[in-house]
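The values are calculated or read from the model by the stated rules, or taken from the named source; none is laboratory data. Source: prediction; values computed, not measured. Neighbour counts run over all protein chains shown; Cβ positions are idealised from the backbone, glycine included.
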Amino acid sequence: MNKIINELEELHRHRKDIEKHIDSGLLNLISLLEEGEPSKEKLREAVLSIRKKVKHTGNK
């Protein structure tokens, strides 16, 4: 039973980390969009940054 509880707690921590990274990345993306007409390259970099953070968080 303790093992199951520990695994659930760890999954919850990972979920919180992923949410934090997604929120941060999305705020950055929103900021780019509000600045005006961002280039496709800047948008691509922002999306790839979010993906990298989420992937890195999931591999912890």
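Residue-by-condition table, conditions (1) of a type outside the set (D, E); (2) touching a helix residue (DSSP H, G or I) at 6+ places or on another chain (Cβ under 9 Å); (3) in contact (Cβ under 8 Å) with a residue 12 or more places away in the chain:
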residue	(1), (2), (3)
K3	yes, no, no
I18	yes, yes, yes
H21	yes, yes, yes
L33	yes, yes, no
Residue in region 31-41 that is among the aliphatic types (A, V, I, L, M) and modelled with pLDDT of 90 or more present: yes
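Quick grid of which residues meet (1) acidic (D, E); (2) surrounded by 10 or more Cβ atoms within 10 Å (Cβ to Cβ):
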| residue | (1), (2) |
| --- | --- |
| K3 | no, no |
| N6 | no, yes |
| R15 | no, yes |
| D23 | yes, yes |
| L26 | no, yes |
| S31 | no, yes |
| K40 | no, no |
| S49 | no, yes |
| T57 | no, yes |
Matching residues, region 5-16, being free of Cβ contacts under 8 Å to residues at least 12 places away in the same chain and not polar (S, T, N, Q): I5, E7, L8, E9, E10, L11, H12, R13, R15, K16
